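S.K.: One structure, as structure tokens, below. Some questions next.
The values are calculated or read from the model by the stated rules, or taken from the named source; none is laboratory data. Note that the coordinates shown come from a computational prediction; the quantities given were computed from them, not determined experimentally. As a convention, Cβ positions derive from the backbone with ideal geometry for all residues, glycine included, and neighbour counts pool all protein chains shown. The area values use the complete protein model at the heavy-atom level, side chains included, leaving out ligands, DNA and RNA. Shrake-Rupley method; radii C 1.70, N 1.55, O 1.52, S 1.80 Å.
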Amino acid sequence: GILATTSDDTDNLSILVTARALNEDLFLGALENGLSTHELFRAAAPDFVGQPSTVVAGTILSRIRSSLMAEFLDHLLEADDAFARAVLETLSCHGTGTPPEISAGRISPRRAPAVARVLAEERPVPVGVLLRDPGNRDRRLPLSVLMIARDDEQLVFPDESTPLRSGDRLLLAGRPGVSRRVTNLMENDQALAYALTGEEILQGWFWDWLQRRRQRRAGRRPRKRPSF
């Protein structure tokens, strides 16, 4: 492969064109220093283009969205190539051709009241429950939990069977817009109950009245028939 990473875009384009003429099977990567040459880089069609402005902006934005992103990136930089490939393959499975959306969550009575109530009853809520579609629990959301920060411990790519705990901070990445469904699961008792058990809980004054009416009927003794 060839990586053209000089500070001059003209030189980088020249390197790409020359390398491709010598060997069409080369992997070609290039550094695009300025946006004025963007169309030329598109025409050259390298396998990979690095844009410093985009990389810097994306890094800053991800750190603004969640402080956990910096910790995850530090772990990623220290990991081996096999782990990096696993991360890439996992995120590519959610792919729409765009970078994944990074989001964060916290298991607490304020940020995740439905989950907090279940945990207070000492019932387990595994990580995988948050990845189920609220409309169809058998369908997995295009989303991954990158890391759980728990006290002084960092669980990177936790197993879906890992039980959540109060105070856990979650770092998620997936298809844009999908994280809103996770928020619904963490806040809504009905959605969480369905994801956990597959049963739908009906709530509201009408359903409460209907339930009380059924209970009264069930508790009413049958009248004794007169004997002749």
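S.K.: Quick one: how many residues across region 92-118 are closer than 20 Å to ARG169 by Cβ and in contact with a strand residue (DSSP E or B) (Cβ under 9 Å, 6 or more places away or on another chain)?
M.R.: Number satisfying all stated conditions: 10.
One line per residue, one yes/no per condition, for (1) at pLDDT 85 or above; (2) in contact with a Gly (Cβ under 7 Å, 6 or more places away or on another chain):
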| site | (1), (2) |
| --- | --- |
| ASP47 | yes, yes |
| LEU61 | no, no |
| PHE83 | yes, no |
| THR96 | no, no |
| PRO109 | yes, no |
| ALA114 | yes, no |
| ARG117 | yes, no |
| ALA120 | yes, no |
| GLY135 | yes, no |
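S.K.: Can you name every residue in region 92-117 that is in a helix (DSSP H, G or I) and open to solvent by less than 40 Å² (accessible area, probe 1.4 Å)?
M.R.: Passing the criteria: PRO113, ALA114, VAL115, ALA116.
S.K.: Here's a follow-up. Take region 119-131 and flag every residue that is aliphatic (A, V, I, L, M) and in contact with a strand residue (DSSP E or B) (Cβ under 8 Å, 6 or more places away or on another chain).
M.R.: Once the filter is applied, which keeps residues that are aliphatic (A, V, I, L, M) and in contact with a strand residue (DSSP E or B) (Cβ under 8 Å, 6 or more places away or on another chain), region 119-131 yields VAL125, VAL127, LEU130, LEU131.
S.K.: Could you pull out the residue among ARG132, ARG150 that is surrounded by 14 or more Cβ atoms within 10 Å (Cβ to Cβ) and either free of Cβ contacts under 8 Å to residues at least 60 places away in the same chain or of a type in the set (Phe, Trp, Tyr) (or both)?
M.R.: Answer to the selection: ARG150.
S.K.: Listed residues GLU199, GLU101, GLU160, GLU122; which is under 27 Å from HIS75 (Cβ atoms), charged (D, E, K, R) and free of Cβ contacts under 8 Å to residues at least 40 places away in the same chain?
M.R.: GLU160
S.K.: Continuing with this model, one more query. Out of region 158-192, which residues are out of contact with any Pro (no Cβ under 6 Å at 6 or more places or on another chain), part of a loop (DSSP other than H, G, I, E, B) and open to solvent by 60 Å² or more (accessible area, probe 1.4 Å)?
M.R.: ASP159, GLU160, ARG165, SER166, PRO176
S.K.: Go through region 1-34 residue by residue and tally those that are within 14 Å of PRO52 (Cα to Cα) and part of a loop (DSSP other than H, G, I, E, B).
M.R.: The number of residues fulfilling the criteria is 7.
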